[in-house]
Structure formats: C-alpha cells, structure tokens
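Presented below is the structure to which this report refers.
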Amino acid sequence: MTAAPTRPPHPAGTRRRAPAGARVAAATLPVARVLVEVPLAHLDRTFDYLIDERDDAVARPGVRVRVRFAGRRVGGFLLARVAGSDHAGSLSFVERVVSPEPVLTAEVAELVRAVADRYAGTVADVLRLAVPPRHARVEKALADPPGGAEMSEASQVRPDRGLGRPPAPPVPPEWSGDYPAGTAFFKAIRDGRPARAVWQALPGEDWPSRLAEAASAALSAGRGGLLIVPDATDLARLDAALTIVLGADRHVTLTADLGPAERYRRFLAVRRGERMVVAGTRAAAFAPVANLGLVAVFDDGDDLLAEPRAPYPHVREVLMLRSLARSCPMLMGGFARTAEAQLLLDSGWAQAVVPFRPLVRARSPWIRAAGADHVAGADSAAAPARIPPVAFQVARAALADGAPVLVQVPRAGYLPAVACEHCRRPARCRRCRGPLRMAGPETPGLLQCSWCGANEAAFRCGACGGTRIRATTVGARRTAEEIGRAFPGVPILNSSGSAGRPQVPDGPAIVVATPGAEPVAPTGYGAALLLDGRLLLGRPDLRAAEETLRRWLAAAALVRPARRGGQVIVGAEAAVSTVQALIRWDPAGHAEAELAARRELGFPPAVAMASIDGSQEAIMDALDRLQLPPDAEVLGPVPLDGSDPDADHQVDGVTDGSGALKLGLDPDVGDGSRLRALIRAPLAQRKALSAALHALAAGRSARKLGGGLRITVDPVELI
DNA sequence: TCAATCCGTATC
DNA sequence: ATACGGATTGAC
C-alpha cells in the first residue's frame, strides 16, 4: 500500500445516524482501508472509510471494526491508515472500533491474501480460519492491554519475563550424527538463514524432540517458531518435548478444541509476543508468531492437515507461503515422504535431510511380508486365517520377550462392511440404502446402517432376496477378539479414532489400533502386525500407495530395532513395490517413483489441478465463462454421485424423511444431479489458473449465481 | 402520467 | 447479500 492521492476526505456531514453529533475525521491519516467480512467473491478487496478523530488512537492496522456496508452493519479488519482515498464517491465513517487489539498482523494479512489467491478463495473465508473469534471477557481480563499507547511493531514484541534470547545451542547429537545434512540445516535455523528441508525421520526417531530442538535454534536467533502436527496426540508429545527443551514459558499450544476463551487468550499471548513458539494443529498454521524463524510440519501426508472448510488450504502450502514471504527456514518432516515434498526436492526449493543409510538399517525392525500365498482362503477378508500364521509366531515371540505388540487394522468397528452371502452385493439399508455393518458380537443378527443409524434385525438382500450375510471387512474390535483368543491372559488395548490413546505398558500387551491412532510404547513395540494391506493398497485413490506406505512406516517406526528383536509382519504381497519400499525402509525411493508416475499420468503434484462441482446448469455456465490459461485442459464434466463406488445401482430419488416433494425451485437440487469437472494446467500456469477460477467466482457472485458451485484448487479427493 | 415492478449494478 | 436507480410495464 503506497501513499494515496491527497484528495481531501469528504466529511459526510449529511449523515445524522452517527452516535450524537456530526463526526469529524482524524487530523492525520484519516482514511482507513478496511477488509469487510462479506462472503462475496466480487467484493474480495478493501474499502475506504473515514476514522473519527475520537477513534484515532485505537484505529490502528489489524484491529477489528464495524462499518456500514451496502446499508447494513458488517464486521471488518482495518488493514492500513492512509492520507486519502481513490474512491470517487463519499466515504462513510468507521462506525466503531471493536477492540484496540491488532489481531490481524501485517504478516498474517499478507498471508491470508496469498492463501486466498492460491486457492481461488476469498480473503474473508481465509480470515475466518486465521483469526479466532474475539472473546471480550478474555480481552478485558488480560493485564496490560496495549491501549492507546503508540507502539512500534518491534516494541509490541516483548520477550521479557526474564527470558531474553537464549544462548546459541550446540548442534544436538542427533541432528549432527544421524543426518548428513542435519548440521547445516540446524545451523541455518540458528543463524537465521533461510533454508528448507524435507526431513526423513529415522525409524524410532523421537521426532518431537528434534522439532523442539529446531525451535530452540530459532529462539536463539531471536526469532519465533511455528510447529504444526496432524492431531492432538502428536501435539501432546510435541508439547512435552518443548517443555523439556525450552522450559514451560516460551511456547504455547493451539488447537480448535480449547474453547473460545482459552483459544483467544493464547492467540493474544502469541500476538503480543509473549510466546515465541507455537505448536498446534492445522488452524495454528496462521498463528501470528512474531518474527518467524522457523515453520515446521510433521507428517505432511496426513489428510488432517488439509482444511475441510473453503477454500481448503493445506498446512504445507500455508507454511510454504509464510516461508517464502519471510524468507524463514522451513522443515517438512515425517517417516514417509509425500509426492509434494519430492517435487520440492526435485525443483531445488528444499533440500533433503535423510539419515545415514547404515543407521536406517541399524534402527529399523526386521520387516517381512506375508501376502495371500501365506494365508489360506485369503480372498475372503473374513476368513479366520486372515491373520497369517507367521504373524502369530512373531507376536508370540515378542510377548514372550516381555514386549507389547502393535496390531494395525485399517478399519474401526466390528464388521464395518457386510454383504449378501448369496449374491455378494453390499448389504444396504432398506430406508436410505446406506451400507450396513455389524456393530458387535453381542447381537449377531442385528445390523446397523452406517449412514442413518437405523437398525436392521431381519436383513433381506434388495437384489436377490438372500437373508444371510457375510463379512467383507473386519474391523479393529473383531480383530482384537480374534487375537485375544489366541493369547489368553494377555491384556488387549484398543485405540482408534479421536478418542484418547491407551497407555501402553512396558510389558506384554496387545494393542489393536487403526492407522494414525497407534499409541507410542515406552521402550518400543516388540512387534507390529500390519493387517489387510490389500484393503489399503486397493483403494481407488490416487494416493493409495503413498498413503499406505505412510501408515505402515508410522507404525513400524514405533517398533524396536531388529537387533533388539523388533519385527514387523505386513499382510500384503512382497512383490508389490510399496511393500518393498517398507521392507527396505525406502520412503525416498517410493516418493520418487510416485512422483514419476504422477508426471506420467498428468496428476498432481506434477500438474496444477482444480475441480469445480455444482448443478449441471452451474457447471455448464462456469465452463462457458471460464477464461483458462493457454495450456489448461478440462476433464469431464462427469456426474458426481455422492454414493460409494460399490453401489450396485444409484439412489434415484432424494427422500428426506418428511416425504416432502422437491419442487425444483432451487436449481441446485432441482434436477438432483451434480457434475464435476477437473481442470488441469502445467505448474507454470498455476497462478493463472487460480486467478481464472477466482474471476469465475467473482463473475458468478456478481450475477447472484454464486451458490451451488464449489471450486477446489488441489482437491484432496481426485478419483 | 404515475406507480409498481424488473433488472442491473454498486457496495467506501 | 441489500439497496438503489433507471427502464419497463400496466392501469387510469
């Protein structure tokens, strides 16, 4: 924002609704550039307002304001104070400065704009993700509000509390001894030099400690750190490591489930520079950490790092934009490596920090495959021999050795998918046609719909009339039951989903977990059994192989090294390249091959991809209007049926329980069918593609056609 | 000729 | 989204 033309501000003296008396504009910089919170794509820019002289002191960049916009009162953020306006008409006054807290820092304002551009979304949408709602009570309660004092950017950051810049830490032995490029990267953080790394963690690596050390290096450079992990369990581990490395007073954790008050309290502590290191889950990627000296993300392949709300930004991309804007170091770590990370290495944007190869062998467990040829009747997932005999042997040995055993099962529940025994078609709910499951062993005849929850006591196949069912998928609970029978007397612990993780004893126990929910064992697991590999690898998903390896490596990384007896049995064919990558512990090679395949097929991240979906009418209009960059191509549109791919016939009517007839007034529901088109462009034209999509959204929103069309850049679901 | 209504456009 | 203005329509 450069100096504005010096047009005298219009005093808008005609307005009589202002609170008692005519308003007078502030003597200096009377014009405020305000970002209004309206969801319309064509209003995705700033608007100029006048600042009343009485608001002069508090109306600083970053504060929340309320303004009149198109006749109604809306919230907004003051982005800048300037001398004059380009606007030809008269200016309204900012009605109210909501609070003197500058919650939107200059860096985050710029970031939010960049994220919106990158994802063809609006700043208002991204702002909702980036700035937590204000909590007035918290603001009031906090001592030392930064009131009307004129503080420079620098003096707002107060690393006082007896916590000055810590001395430069020596390079930790793990960074220097385990990773050839580790020393250079650590020193770059410590010296405040920009450097970006894709870090492949050693099997068994205590990654929270490594991240905490990296954060301490940033602190010693007088700068802040931002560390993002996929879920609350990871965050708890990271928090503990940060407390050990930094003490309790320098960092703070940020998650969505803190509640509004605590969330805002911590947010303010960060904004005021009282906490220089932030660890959090995905929304924390926007945290206003002062003077960033490190951004880091662990396990960037986890889909929890993709925001599910528009415009669906991914943590890795958000942090990349911050690293780029601030020239600050960035660390992308994990046991696995995504194709996206591989692309950053290929392009030279980041450098690989990989372990010394002999160390990988020394630290990894003994990993073997036990595919179908090892399992009698393996074509049926429900066969009692689904768990290969060697898996039982390995588990027995580990338990005898006094070690816990980890069993990874892809699906939660008891029998999460069942089919008609006769025709083998998926069993479906008679009310909503959702897939049926068996909830538990207590009620063998009772099925339950996964969509509507209706109970089904007397199943009758809609296709052939069969009344008996068979399991097509076995869940974690049933698996625990089977294994428990094989090892009577051994404690069995279940861990799945977002529920808390059980404490694993440092002794014989069997832990049955779904991927991503594996608890850490105090001295490592003696063995891990990775079941139903074919189920994972066979998913009709672009990322099936990458995702499978990621889950396997995450579990195998919790197992003791082979020299301490650690073993892993993976239930999949040894000939499959993904299984080979696990056995050889070679995430880098797998990522290289994966990226090569994506290049071959023309899929992300080798190309830029976007999807638009909506009613047939909306899609046709959109494709007609879209001004695509020169080398972009449109794939589709194809019908987008919400039902799962194994549905044997489509749901042909929307029944909403009330039986109400849809009158077709809403064009998006009227003809029922939604379409989806994919748009593919070379990476060099990504910006142009995003711009074109944003222009499309703006055009449609200006014509009041906005609704019913969803635009997604880099959609997670591709196939 | 005036008012009710539609459509398009701006929203500071 | 509204809100407003100008054009359009319809009835006196």
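Readers should treat all values here as calculations from the given coordinates under stated rules, not as data from a laboratory. For clarity, every value in this text was computed on a predicted model and none was experimentally measured. No Cβ is skipped: glycine too gets one built from the backbone with ideal geometry, and neighbour counts run over all protein chains shown.
Using square roots of five times the C-alpha gyration tensor eigenvalues, list the equivalent-ellipsoid semi-axes of chain A in whole Å, biggest first.
47, 35, 23
Using the per-residue mean of other Cβ atoms lying within 10 Å as a proxy for protection, in what order, highest first, do the peptides A:108-117, A:230-239 fall?
A:108-117, A:230-239
Taking K and R as +1 and D and E as -1, what net charge do the other residues with C-beta under 10 Å from the C-beta of A:D532 add up to?
Net charge in that neighbourhood comes out at +3.
If each DSSP helix of 4+ residues adds -39,500 (n - 2.57) and the sum is divided by the residues in chain A, what number results at 222 nm, nearest 500 deg cm²/dmol?
It lands at -8500 deg cm²/dmol.
Would you mind calculating the relative contact order of the range A:408-476 from Cα pairs under 8 angstrom and at least 6 residues apart, reporting the percent as a whole number?
So the answer I get is 42 percent.
May I ask you to sort A:H251, A:H42 by Cβ crowding, counting other Cβ atoms within 10 Å and putting the fewest first?
Lowest to highest Cβ neighbour count: A:H42, A:H251.
Express in % the proportion of alpha carbon pairs of the range A:140-358 at distances exceeding 26 Å.
31
For A:C464 and A:S90, what does the FRET efficiency come to when R0 = 60 Å and r is the distance between their Cβ atoms, rounded to the nearest 0.05?
0.20
Which three lengths, in whole Å and largest first, does the range A:501-588 cover when its Cα atoms are put on their principal axes?
Cα spread of the range A:501-588 along its principal axes, largest to smallest: 38, 28, 20 Å.
Fewest to most neighbouring Cβ within 10 Å: what's the order for A:K187, A:K704?
Listed from fewest to most nearby Cβ atoms, that is A:K704, A:K187.
How do A:86-97, A:282-293 rank on mean C-beta neighbours within 10 Å, highest first?
Result, highest mean first: A:282-293, A:86-97.
Using the count of nearby Cβ atoms within 10 Å as a rough guide to exposure, how do A:Y179, A:Y525 rank from fewest to most?
A:Y179, A:Y525
Apply the Debye scattering formula to the range A:414-474, with a single equal point scatterer on each alpha-carbon and no solvent, then give log10 I(q)/I(0) at q = 0.14, 0.17, 0.21, 0.22 Å⁻¹.
-0.29, -0.44, -0.69, -0.76
State the percent of C-alpha pairs, over all pairs in the range A:259-328, separated by a distance greater than 17 angstrom.
Counting pairs separated by more than 17 Å, the tail of P(r) holds 46 percent.
Give, as a single signed number, the net charge of other residues whose beta carbon lies under 9 Å from the beta carbon of A:V716, with Lys and Arg counted +1 and Asp and Glu -1.
Here the charged neighbours net out to -2.
Determine Rg/Rh for the range A:173-294; Rg is computed over alpha-carbon atoms and Rh is the Kirkwood hydrodynamic estimate from the same atoms.
Rg divided by Rh gives 0.96.
For chain A, what relative contact order do you get, as a whole percent, if you take Cα pairs closer than 8 Å and at least 6 residues apart?
Relative contact order here is 12 percent.
By the scheme Lys and Arg +1, Asp and Glu -1, what is the net charge of all other residues having a beta-carbon under 14 Å from that of A:R468?
The answer is +2.
Karplus couplings for the range A:563-569 from phi (6.51 cos²θ - 1.76 cosθ + 1.60, θ = phi - 60°), rounded to Hz, Gly and Pro as x?
For the range A:563-569, the Karplus-derived couplings read 5, 9, x, x, 9, 10, 10 Hz, x marking Gly and Pro.
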